[in-house]
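Asks: Following this message is one structure expressed as structure tokens.
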Amino acid sequence: MEYTISKSGKAPAGYVLSDQVVKIEINDKGVFADNILLEENNNVYSFIYYNSLAPVIQTGSEINYILTIGLMTISLIGIVTGVIVLKRKRKNN
């Protein structure tokens, strides 16, 4: 018989590679992975390692965005108000 064992070298994007170790047993009753019978598909037995989600690392603060947008809005209101006041002064003169 020929045996090929392979393991993925890296996890999918956003996941951490599993360090799970699986016991493979081959006997007259079948092929088992951690005492679970594996089904054959075209002479291939396979099972899935469950990778865990990678932790999300926050690199900034959303408060800074809110503060920036708020200051921009206040500045825009001030500029528009200033332009309106100047136009009214020029009309009155």
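Asks: So, Asn35, is that one at pLDDT 75 or above, in contact with an Asp or Glu (Cβ under 8 Å, 6 or more places away or on another chain) and not β-branched (Val, Ile, Thr) or not?
Replies: Against the criterion (at pLDDT 75 or above, in contact with an Asp or Glu (Cβ under 8 Å, 6 or more places away or on another chain) and not β-branched (Val, Ile, Thr)), Asn35 qualifies.
Rundown of residues vs (1) of a type in the set (Val, Ile, Thr); (2) at pLDDT 80 or above; (3) surrounded by fewer than 10 Cβ atoms within 10 Å (Cβ to Cβ), yes/no style:
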residue	(1), (2), (3)
Lys10	no, no, yes
Lys23	no, yes, yes
Asn27	no, yes, yes
Asn43	no, yes, yes
Ile57	yes, no, yes
Ile63	yes, no, yes
Thr68	yes, yes, no
Met72	no, yes, no
Ser75	no, yes, no
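Asks: What tally of residues in the stretch 45-54 results from selecting those that are part of a loop (DSSP other than H, G, I, E, B) and open to solvent by 100 Å² or more (accessible area, probe 1.4 Å)?
Replies: Qualifying residue count for the region: 2.
Asks: Tally time: how many residues in the stretch 12-21 are in contact with a Leu (Cβ under 9 Å, 6 or more places away or on another chain) and either modelled with pLDDT of 85 or more or surrounded by 11 or more Cβ atoms within 10 Å (Cβ to Cβ) (or both)?
Replies: 2
The values are calculated or read from the model by the stated rules, or taken from the named source; none is laboratory data. Just so it is clear, the model here is predicted, and its values are computed rather than measured. All Cβ positions, glycine included, derive from the backbone under ideal geometry; neighbour counts span all protein chains shown. Note: accessible area is taken over every heavy atom of the protein model, side chains too, but ligands, DNA and RNA are not part of it. Shrake-Rupley method; radii C 1.70, N 1.55, O 1.52, S 1.80 Å.
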